[in-house]
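Okay, so here's the structure we're looking at.
The values are calculated or read from the model by the stated rules, or taken from the named source; none is laboratory data. Fair warning: this is a prediction, and the values are worked out from it, not measured in the lab. Virtual Cβ from ideal backbone geometry, glycine too; neighbours counted across all protein chains shown. Please note that ligands, DNA and RNA were not included when accessible areas were found on the heavy atoms of the full protein model with its side chains. Shrake-Rupley method; radii C 1.70, N 1.55, O 1.52, S 1.80 Å.
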Amino acid sequence: MLVDREKYIIEQIQETGKVQVDALAKDLDVSAMTIRRDLDNLKKKGLVDRCYGGAVIKTEIPYLDKQIKNAEAKKRIAKYAAALIEPNDTVFLDAGTTTYQIAKLLAGLQDVTVVTDDIQIANLLMNTSITVYMCGGLIQKSTGCVIGNFTTEMVKDFCLDIAFIGAGAIDSNFNLLTPTSEKISLKRQLVATCSKTYLVADSDKFHKKALLKINNCDVYTGVITDMVFSDEEKEIIEKRNIKILQVC
């Protein structure tokens with residue numbers, strides 16, 4: 001049935017970020033032409049973007065779904081990240097479930113200022129002794145973050161000591177990718193503005209595809225992750241001078 005096929009396609013594309021027509025046709029035991037029609041229908045619904053030979057994810061994964069995935073790894077990454085914060089630092093916490101875990105570890109501190117584009121993080125820290133600045137802009141309701149030009153322009157005015165930036169997808173070339181364009185300018189601006197920028201990415205974020213490139217992992221001070229890399233990947237990491245901060 002069409003509905004069952006579309007559900008399967010969406011599940012696969014959320015898992016990997018990209019699907020191929022031939023593979024889907026084999027999995028679902030239908031013709032490639034049928035899969036192409038299904039992908040075209042999903043594109044009309046605004047759920048995917050077509051690419052050569054298949055489709056890539058277009059919509060952001062809802063916040064609650066992100067929160068469940070790799071929860072323990074995110075906590076370990078957050079613990080490592082929080083230890084990098086020094087007294088009197090002004091910290092940017094990007095929207096995301098891993099950065100939310102960082103915020104939980106900061107809640108008892110008094111000598112830290114937090115700037116964030118994440119509503120959940122701002123709400124968590126609102127009744128603590130931490131000074132909190134909430135970026136303005138359009139609320140992306142599915143993820144609980146604030147997006148748009150207002151957000152990016154506000155960040156330019158801060159002297160940020162350190163930023164922890166979330167990742168939606170990282171491909172085999174260590175490019176940071178996103179299914180939507182709204183967050184690109186903010187993440188690029190954070191790299192330009194902050195003294196130190198760390199990408200926080202659990203293993204689920206690697207080997208994923210999405211439509212748009214933000215930048216490469218080599219522009220960050222470090223990548224904090226639980227991902228275990230192959231020898232081939234380690235060669236790429238060394239060649240591009242990407243600093244990996246691996247958590248156990």
### Task
Restrict the check to the range 173-184 and report whether at least one residue is surrounded by fewer than 22 Cβ atoms within 10 Å (Cβ to Cβ), touching a residue at least 40 places away in the same chain (Cβ under 8 Å) and farther than 28 Å from Gly136 by Cα.
yes
### Task
Of all residues in the range 131-166, count the ones that are in contact (Cβ under 8 Å) with a residue 60 or more places away in the chain, among the hydrophobic types (A, V, I, L, M, F, W, C), open to solvent by less than 20 Å² (accessible area, probe 1.4 Å) and outside any helix (DSSP H, G or I).
5
### Query
Any idea how many residues of the range 167-190 are in a helix (DSSP H, G or I) and hydrophobic (A, V, I, L, M, F, W, C)?
3
### Query
Pick from the range 108-121 the residues that are open to solvent by less than 30 Å² (accessible area, probe 1.4 Å) and of a type in the set (A, V, I, L, M): which of them is nearest to Glu72 (Cα to Cα)?
Ile121
### Task
Among the residues of the range 191-244, write down those that are at pLDDT below 95 and touching a Gly at 6+ places or on another chain (Cβ under 8 Å).
Lys205, Lys208, Lys209, Ala210
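In the range 235-248, which residues are in a helix (DSSP H, G or I) and touching a strand residue (DSSP E or B) at 6+ places or on another chain (Cβ under 9 Å)? If you could, list the steps in order and put the result at the bottom.
So the first thing to find is which residues in the range 235-248 are in a helix (DSSP H, G or I), and the list is 235-239.
Ile237 - this is the single residue of the range 235-248 that is in a helix (DSSP H, G or I) and touching a strand residue (DSSP E or B) at 6+ places or on another chain (Cβ under 9 Å).
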### Message
Six or more apart or on different chains, Cβ atoms under 6 Å: show the pairs whose first residue is in the range 234-246 and in contact (Cβ under 8 Å) with a residue 40 or more places away in the chain and whose second is open to solvent by less than 50 Å² (accessible area, probe 1.4 Å) and part of a helix (DSSP H, G or I).
### Response
Ile242/Cys217
### Query
Within the range 66-79, can one find any residue that is open to solvent by less than 70 Å² (accessible area, probe 1.4 Å), closer than 18 Å to Lys187 by Cα, touching a strand residue (DSSP E or B) at 6+ places or on another chain (Cβ under 9 Å) and in contact (Cβ under 8 Å) with a residue 24 or more places away in the chain?
no
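Pick out, from the range 6-117, the strands (runs of 3 or more DSSP E) lying fully within it that include 2 or more residues that are hydroxyl-bearing (Ser, Thr, Tyr) and at pLDDT 80 or above.
Values: elements: 18-20, 48-51, 54-57, 90-93, 113-116.
Per the criteria, 113-116.
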### Task
Name, by its number, the condition in (1) surrounded by 14 or more Cβ atoms within 10 Å (Cβ to Cβ); (2) more than 24 Å from Gly222 (Cα to Cα); (3) in contact with a strand residue (DSSP E or B) (Cβ under 6 Å, 6 or more places away or on another chain) that does not hold for Leu124.
(3)
